[in-house]
Structures are given as C-alpha cells and as structure tokens.
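The values are calculated or read from the model by the stated rules, or taken from the named source; none is laboratory data. Quick caveat: nothing in here was measured; it's all calculated off a predicted structure. Positions of Cβ are generated from backbone atoms using ideal geometry, with glycine treated the same way; all protein chains shown enter the neighbour counts. Remember, those area values only see protein heavy atoms, side chains included, never the ligands or the DNA or RNA. Shrake-Rupley method; radii C 1.70, N 1.55, O 1.52, S 1.80 Å.
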Amino acid sequence: MKKILYVTNLPAPYKITFFNLLSMEVELTVVYERETASDRDAKWKSESKRNYEEIFLHGKNIGMEASASLEILKIIKKNQYDAILMNGYSSPTAVLTIIYMRMHRIKYALVCDGILPGKESATKYLLKKFIISGADFGLSSGELTNQQLIKHGAKKEKIYWYPFTSVSEADVITELYNKEKFKKKIGCRAGKMILYVGQLIERKGIDILMEAYTKCNIPDTQLYIVGGV
C-alpha cells in the first residue's frame, strides 16, 4: 500500500469523509498547519472517527488560517512517502515546504480547490511560478484554476480534473418537492429566490453579492443569506 502525505491548513469537517475514503486505498498521513482558524467558530469541527494518521504542526499562527512552521521538514526527512500532496501553496509553511522539496528534488503535487485570476506583483508571480512549475502534477477543481496553473508554469498534460465535493449521494434530493409550499413555509412571497449559504465574513464576498443583487434590480426576486460567523 502506497504511503501518502497530505498537507493542508485546517481539519475542515467536510474533508474528513474524503480522507477516510482515501485511507481505504492508501496509507494516509494528514498534516495540518493549525487546529483552528481565527475567523471560524470553535465548534466548526468533525467528531467523525479518523482512519488515518493526523499530525498538527507547532509553529506561529499567521493571519486567519496560515502558519509558519519548520516541523513539516522533519516529517518529510523522517519518512519515505510515495507521494506528497500540497493542498495550497500560499502560506509560509507551504512555501518553505515546497522550496525544501525542490532543493532536495522531492516530488510533490498541488491540490487546488480553486484559483481566481487577479493582479499580482512581479515578485509574487515569480514565486508562484517557481512553486507551480515544480509540481509533478496538479489536481484542479475547474477551468479557471487550469488557466491559472498554466499561466504560472504548469504543463497542461500534467493537470487533472479534481471534482472534489463534500456532498455525498445520500445528500442529493432525488424526488420532486413542492417549491411553493417551501417558499410559503419560510415566508418568501417573491416569484424567485436567490440563496447564499456560508460564513458571514468579508472574504466570502457577501458585500459583492448584495451590491450585484441591488444593481441588477431583478423583478419579483428576494435574496436570502444563511450562515454564521
């Protein structure tokens, strides 16, 4: 059975099921940069049983979700992994890890849940190109992510579609339901609903959603926002 090291920032509940399924195929070790994020409720965690090894790094917390830790280098030195998957590359810990692996010619792959285009300085572009172009392959969540990976040096033939989802088959509604009855239940009198579900924090772009909703001025439509901090 292959030994896989998966490096990510936080123990997000929606990934626990994924890790448990992956651990059925490989000997999996998941390394987290930190235990919690500063902008998430402490209750935001999964109590599900883990069928894989978990390691929490000790280091200095930076920003809302990142950290700076050299402990990950000791883990890589100590173990011989068949593959190392980096879920993200922007935190100090991730950057240091990738620089170390490139210097020692250790293969790694990038797992990208999404990369949006945006302005970046020449220095940032070169750093991202160094990190992305050095990956053995990339797992991408969609076409926009593909474009950004290629822009920063990834080879198209080394990018694989990664349709990650936290929705299981059991969560999908397969039978028809009465929309009008549901709308009446929640007090929606408009012909159409626009629904946002997620954290009520700045980086989710709720202000942009509300501004777009106001400017579009769509007749007979109501916007519903559901979430917590």
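Below, the figures for the structure above:
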read-out	value
Cross-link table K15/K49; K107/K155; K74/K204, entries beyond 24 Å C-alpha to C-alpha	K74/K204
Relative contact order (percent, whole number), the chain, Cα cutoff 8 Å, 6+ residue spacing	14
Anisotropy class of the stretch 163-229 from Cα gyration tensor, a/c 1.5 cut	oblate
Cα centre as origin, Lys/Arg/Asp/Glu Cβ charges: the stretch 84-161 dipole, Debye	300
Rounded if a/c under 1.5, otherwise prolate or oblate - the chain, Cα gyration tensor axes	prolate
Charge dipole of the stretch 1-124 about the Cα centre (unit charges at C-beta), most positive-ward option of F56, T8, M101	M101
Dipole in debye (nearest 20) - the chain, about Cα centre, beta carbon charges: Lys, Arg +1; Asp, Glu -1	400
Summed side-chain charge close to Y100 - residues other than Y100 whose Cβ falls under 11 Å, Lys, Arg +1, Asp, Glu -1	+4
Accessible carbon and sulfur surface of the stretch 163-227 relative to its total accessible area, %, 1.4 Å	57
Virtual spin-label span in nm between K74 and H104, 7 Å along Cα→Cβ	1.3
Cβ-placed point charges (K, R +1; D, E -1), dipole of the stretch 79-214 about Cα centre in debye, nearest 20	320
Simple label model, 7 Å out from Cα along Cβ direction - L176 to L223, nm	3.2
GNM result for the chain, Cα springs below 10 Å: residue of T29, T123, T174 fluctuating most strongly	T174
